[in-house]
Amino acid sequence: MQNFVFHNPTKIVFGRSTIPSIGMEAAVFGNRALLVYGQNSIKKNGVFEQVTASLAKAGIMFVEHSGVCSNPLLSHVRAGIAKVREHDLQVIVAVGGGSVIDAAKAIAAGSLADGDVWDFFSGKQVIKAALPITTVLTLAATGSEMNASMVVTNDETQEKFGFKSPFLFPKVSILDPETTFTVPPNYTAYGAADAIAHVLEAYMSTKDEDVPVQMDFMEGLIRNAMQSCERCLVNPSDFGGRAALMWTATLALNGLTVAGLGQTAFPMHMIEHSLSALYNVPHGAGLSVVMSGWLRWRLKQDANRIARLGRHVFGLTGDSADADLAEQTVNALRNWFSTVGCPVTLAELNIPTGDINKIAENALALAQLWQLDEYTQERIEEVLAYCQ
Ligand code: NZQ
Ligand code: ZN
């Protein structure tokens, strides 16, 4: 177990009928808000009415910034920053999934920056301040509701980069599982795949072999992501299933899993971001493909760790050698993805394998930014070859 500091300042308000508290929570930070949301889902499922009624009741004037798309775009973030400046807004209210919350974070930081907001992502400047961010989460997936990260795609350069800063922790996030009853089966499964990927990145990359609490915790999260996803697919209005999936996804990337693990890395995300940037595939769908390939690629080097995953998550038993168990584990995970409707090959995403070179070239920029030095162009191509 390595030394660690765990500090997560986000207040979580979890449960049924919690959305009407958003006005009161946001009013602590100001009475002029930017209301950020996506395409149309919150208007269809009644969340928009609940949020706007609550803001009005709390005396908050708001300017709408709708139309955040999945894999949010820099140009749309810049438009949000212009609205904040024009109306001298004080607080951001983000209502949606990870894309909406990430866009809100970029707007919050960009509004107070001297230079352009993309400078944060390209590493040219660090965040020194951000407007307070409050959120109403409508999709269980990214953990953005309780972490300090944001991911945005530069629509001019087709680069999908992330950035992290303590200023980006939402002040408060409202998690009402009932809002996710309307999430369609595909995004329900992609969300579970994303949560699994967040845990697996840490699980696979820690060098510390003596972190029993963390390993059990991570295995429990993966099991719960899978079980709750299955429940939600059988019955989209299963409150217990939706609640378990939502809380699992939040815990999967709020800093708890990595406490004590020492250095961890995000190579699968590094590669997936290029799939999203170049082909606009849903993040979780890109990840189920990359995870399936990456784990096969690591079968030899990480046989023990993967076999442990098989025993503790998939209930694999027997006297088989770790190498065999590891292979069975990867097959079990791939089968599970297929069962819940997540793709496991590039072809299922309609990505031609002839593009592997181009994808690796795009991913290399992020590998360098994240200092994943072992991931050369050649190595990324090697991983992608396993994703076929
Ligand atoms: O735009 P609307 O109409 O809201 O529709 C969305 C969107 O089409 C829909 N949706 C959301 N809530 C719904 C709903 N549909 C019905 N009922 C509801 N209650 O779902 C679709 C996907 O939404 P999106 O926000 O794009 O999904 P997700 O939460 O998976 O976010 C993905 C983005 O987050 C980034 C990803 O890269 C991607 O850009 N990530 C952010 C991270 C972070 N900040 O920590 C970490 C992750 O690894 C990830 O990179
Ligand atoms: Zn992710």
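Some observations on this one:
- Subset of region 127-160 [in a strand (DSSP E or B) and near ligand 1 (Cβ under 8 Å from one of its atoms)]: S149, M150, V151, V152, T153, K160
- Among the residues of region 320-341, the one identified as modelled with pLDDT under 95 and among the polar types (S, T, N, Q) is S320.
- Here R242 passes the criteria (1) in contact with a Ser or Thr (Cβ under 6 Å, 6 or more places away or on another chain); (2) over 18 Å from F181 (Cα atoms) except the one numbered (2).
- T153 vs. criteria open to solvent by less than 30 Å² (accessible area, probe 1.4 Å) and within 29 Å of W336 (Cα to Cα): no
- Just so you know, in region 161-182 the residues that are closer than 21 Å to D238 by Cα and within 8 Å of ligand 1 (Cβ to nearest atom) include one that is surrounded by the fewest Cβ atoms within 10 Å (Cβ to Cβ), and it is F181.
- Candidates E219, E201, E209, E156 - the one that is acidic (D, E) and touching a Phe, Trp or Tyr at 6+ places or on another chain (Cβ under 7 Å): E201
- Cβ-Cβ under 7 Å pairs, at least 6 apart or on other chains, region 355-370 side more than 19 Å from K164 (Cα to Cα), far side of a type in the set (V, I, T) and open to solvent by 10 Å² or more (accessible area, probe 1.4 Å): none
- Selection count where residues are surrounded by fewer than 23 Cβ atoms within 10 Å (Cβ to Cβ) and either assigned to a helix (DSSP H, G or I) or within 12 Å of ligand 1 (Cβ to nearest atom) (or both), scope region 242-266: 7
- Of V330, V344, all but one fail to be in contact with a Leu (Cβ under 7 Å, 6 or more places away or on another chain), under 25 Å from N186 (Cβ atoms) and assigned by TED's automatic domain parsing to the domain that holds V199; the exception is V330.
- Residue match in region 206-216 (condition: within 16 Å of ligand 2 (Cβ to nearest atom), under 25 Å from F163 (Cβ atoms) and either open to solvent by less than 10 Å² (accessible area, probe 1.4 Å) or assigned by TED's automatic domain parsing to the domain that holds N335 (or both)): no
- For D319, the conditions (1) part of a helix (DSSP H, G or I); (2) open to solvent by 10 Å² or more (accessible area, probe 1.4 Å) all hold with the exception of (1).
- Considering only residues in region 342-388 that are at pLDDT below 95 and among the hydrophobic types (A, V, I, L, M, F, W, C), the one that is least open to solvent (accessible area, probe 1.4 Å) turns out to be L366.
- Residue, surrounded by the fewest Cβ atoms within 10 Å (Cβ to Cβ), within region 276-295, restricted to residues that are in a helix (DSSP H, G or I) and within 10 Å of ligand 1 (Cβ to nearest atom): S276
- Any hit, region 301-313, residues being under 17 Å from V340 (Cα atoms), within 13 Å of ligand 2 (Cβ to nearest atom) and in a helix (DSSP H, G or I): no
- Count of region 36-63 residues, restricted to those that are surrounded by 14 or more Cβ atoms within 10 Å (Cβ to Cβ) and either touching a helix residue (DSSP H, G or I) at 6+ places or on another chain (Cβ under 7 Å) or more than 20 Å from D102 (Cβ to Cβ) (or both), is 18.
- Selection within region 86-133 - among the basic types (K, R) and crowded, with 17+ Cβ neighbours inside 10 Å: K105
The values are calculated or read from the model by the stated rules, or taken from the named source; none is laboratory data. Model, not experiment: these values are computed from the prediction. A quick note on method: Cβ atoms are made from the backbone with ideal geometry, for glycine too, and the neighbour counts reach across all protein chains shown. Remember, those area values only see protein heavy atoms, side chains included, never the ligands or the DNA or RNA. Shrake-Rupley method; radii C 1.70, N 1.55, O 1.52, S 1.80 Å.
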